Every structure is written in C-alpha cells, then in structure tokens.
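Undergrad: Okay, here's the structure, questions in a sec.
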Amino acid sequence: QKQIDQDMNAVCAICNDGEVTPGNQILFCEACNVAVHQMCYGIENVPEGDYYCVACRFFGREKMSFTGADNVERIHHVGAPAPKLPINCELCPQQQGAFIRCQTTAL
C-alpha cells in the first residue's frame, strides 16, 4: 500500500508535474526509481516489462536488476536505495534525476 500511495503522489523529475493521461503516463526506472512522463523523456510506448532510464541503461544497471527467483546475489536489495549514478548534469547542479546523453562541440 505504501508503494501505491508513493506512486500516486509521484511527480515527473523533468516537469515537476504529477498529472497523467492515457498517452502520457509516469514511468519509474527499476534501478534508480526516477519518475518521468513519457512525453517529457521521449518514451513513445510504455514498455511491457521493466523500464530503465537512459542513464541506468548506459551504466548497465538493467543487468543488475533482481528477479528474486534465480537465487543470484544482487548488487542491492529490494527497498534499498540504488547506488548513486557516477555522473552529474553539466547544465545544472543536479546529481540525480532524469539524465539524457547529449553531444556538444567544444567551444
């Protein structure tokens, strides 16, 4: 019940709004638990299985997920906060959130 309440009160890490529509759901990364709207983060379709944000996929965190049925020792336990990503935003002081990969040219 606690998780359901938390999900219902979630806001998007990009727009800071919690409103959802059928075509613009809030998704939670299975590894870092960042909440993002589909439209804010460029997700056309809600994935059938687990969802992982761009940063967690880049650092291979989808391979660290836990299923619970295979008896493999996992990187972190259910309910424990995921380790902090080893990156930070170059445009703002955020060290956690909905990261995307950008390409820039040197000035």
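Quick note: the coordinates plus some simple rules give every number you see, no bench work behind them. Here the structure is a predicted model, which means the values were calculated and not measured. Virtual Cβ from ideal backbone geometry, glycine too; neighbours counted across all protein chains shown.
Undergrad: Got a sec to turn the phi values of region 36-46 into Karplus ³J(HN,Hα) couplings, 6.51 cos²θ - 1.76 cosθ + 1.60 with θ = phi - 60°, whole Hz, x for Gly and Pro?
TA: Result, ordered by residue: 9, 6, 3, 5, 5, 10, x, 9, 5, 10, 5 Hz.
Undergrad: Moving on. For residue 10 and residue 57, compute 0.36 nm times the residue count separating them, minus their Cα-Cα distance, and round to one decimal in nm.
TA: This chain segment gains 14.7 nm when fully extended.
Undergrad: Give me the net charge of residue 24's neighbourhood, meaning all other residues with Cβ under 13 Å from the Cβ of residue 24; Lys, Arg count +1, Asp, Glu -1.
TA: Working: positive: none; negative: 17, 19, 44.
Charge balance near residue 24 sits at -3.
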